[in-house]
Amino acid sequence: MDRGGGELPHRHTGDLRELDGVPADLTDEERATIDALKTESDQIEANYQDAEELPDEVDQRLGQIEAALAAFEARRMIYDPADVARAGVFVSIDDEGALSVDRGYVRPEDEAPVVVDAEAESIGGGDAADGETGLNPSRCHHCGGAPVEPEDDGDDAIKPLPDRLITELTAHRTLALRNALANDPAVAFAAVLHNFVLATFYRFATSNGCLEIAVRSPTLPPQAPGLNDSASARAIDTRHDAWKVHLPKEEGDLWDALIAFDATEQSALFAHCASFGVNALYEPANRYNLGRVTAHGVRRRLDQADVLARAVGLDMVAAGWTTSVDNYLGRVTKPRILEAVREAKGESSTQLIDHLKKGDMAREAERLLEGTGWLPEPLRLAETDAASDAATSEAEALPEFLADDDEVEAETDEDQPQVVAAE
């Protein structure tokens with residue numbers, strides 16, 4: 001059942017709980033309308049089952065019937081009132097310019113609070129936390145909540161340090177910490193990994209810590225057909241969920257958990273998080289982007305994406321891409337369809353379909369291209385001398401809980417991974 005909206009970007013709802021709703025009941029009039037539409041559709045198909053193509057007015061009517069039935073399928077969902085009070089919606093514009101509302105998602109911080117048994121808490125020592133940490137709330141200015149001002153006993157009382165002085169002192173500490181971190185590659189790698197994991201798994205983390213390096217994950221177009229169901233998307237989701245089980249629920253416990261991982265696990269997790277920052281998207285540098293991107297910037301991005309693709313040996317056919325009506329052939333002109341068939345199967349194959357209307361031509365071209373490995377130009381990787389001569393290094397073993405999944409693959413170099421801070 002449609003939840004009322006379009007297809008959201010990949011992993012856009014990864015950290016949210018999705019509510020289970022019940023479709024609204026159909027009225028007797030609506031049921032009668034559905035039955036009439038289905039009967040009319042069946043009758044049309046029976047009348048034209050032997051026709052090579054449908055008359056335009058008949059084809060148009062079938063489209064109207066299909067749209068009407070789809071509207072009934074996408075009727076609103078009924079949710080528990082208690083869930084409605086804490087849930088939210090995603091409001092966006094779909095690929096046809098219409099309003100899209102996707103309902104029924106709950107953020108972690110909006111979940112119902114867990115009720116703690118007062119007697120059990122008393123037995124466990126509810127005040128032990130302060131004693132264990134050695135912190136005195138009356139003296140701690142950074143323990144959360146409003147700071148407690150020191151009592152002023154007169155002119156000799158010790159007053160708080162001026163903000164400017166604290167800033168200057170911590171500037172010295174920052175430089176010293178930078179120098180110390182530069183001389184400890186292992187801790188530097190762990191610090192970057194910590195930031196990457198915060199950004200990737202703890203979506204609502206309070207901050208990224210003291211290291212000004214983060215993964216900026218671009219939003220992929222939600223209207224791309226089959227994107228969320230692609231083999232790559234499924235592999236990413238499987239790997240992400242496997243890692244999520246092995247990470248602590250609280251971000252404050254993350255550092256100790258990462259340090260406890262061995263080098264192979266750290267490297268694999270680093271690669272997974274870093275991958276979310278990949279942006280190989282083409283964007284038109286036009287007035288709609290309001291100067292956000294330039295043609296030169298997009299070209300540079302795509303050139304660097306080619307370099308990265310060669311380095312990892314990207315093969316879009318092996319990654320699961322197949323050219324279809326939905327993802328390419330039905331969205332280009334007839335000359336483009338014929339060009340695809342010509343490149344994959346030769347001129348004789350184009351003569352089999354060059355007389356067809358576009359819809360039929362696209363469907364026949366999909367059949368002809370099946371198994372050929374043909375790729376649209378934006379998905380191709382131009383060969384270079386450097387790429388053909390490059391030697392491939394043997395991959396190290398993955399962590400055991402990832403290695404069991406055939407869809408999850410990763411490669412790690414024997415050297416310590418290098419991190420470059422982007423501007």
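The values are calculated or read from the model by the stated rules, or taken from the named source; none is laboratory data. Nothing here was measured: the structure is a model prediction, and the numbers come from that model. FYI the Cβ positions are ideal-geometry reconstructions off the backbone, even for glycines, and counts take in every protein chain you see. Quick note on the areas: whole protein, heavy atoms, side chains included, nothing else; ligands and nucleic acids left out. Shrake-Rupley method; radii C 1.70, N 1.55, O 1.52, S 1.80 Å.
Expected output is a single nm value to one decimal: the length gained when fully extending between GLU18 and ARG380, i.e. 0.36 nm times separation in residues minus the C-alpha distance. What is it?
126.6 nm
Would you please classify the overall shape of segment 261-376 from the alpha carbon gyration tensor, given that a ≥ b ≥ c denote the square roots of the eigenvalues, rounded means a/c under 1.5, and beyond that prolate means a/b larger than b/c while oblate covers the rest?
Taking the square roots of the gyration eigenvalues as a ≥ b ≥ c, segment 261-376 is oblate.
Rank VAL325, VAL278, VAL298 by accessible area, highest first, at a 1.4 Å probe radius?
VAL278, VAL325, VAL298
Under a point spin-label approximation (7 Å from Cα along Cα-to-Cβ), what is the ALA260-LEU54 distance to one decimal in nm?
6.0 nm
Which FRET efficiency value, to the nearest 0.05, do you get for ALA182 and ASN279 by plugging their Cβ-Cβ distance into 1/(1 + (r/R0)^6) with R0 = 35 Å?
0.80
If R₀ is 51 angstrom, what is the calculated FRET efficiency for the pair ASP163 and ARG301, using the beta carbon separation as r and rounding to 0.05?
0.80
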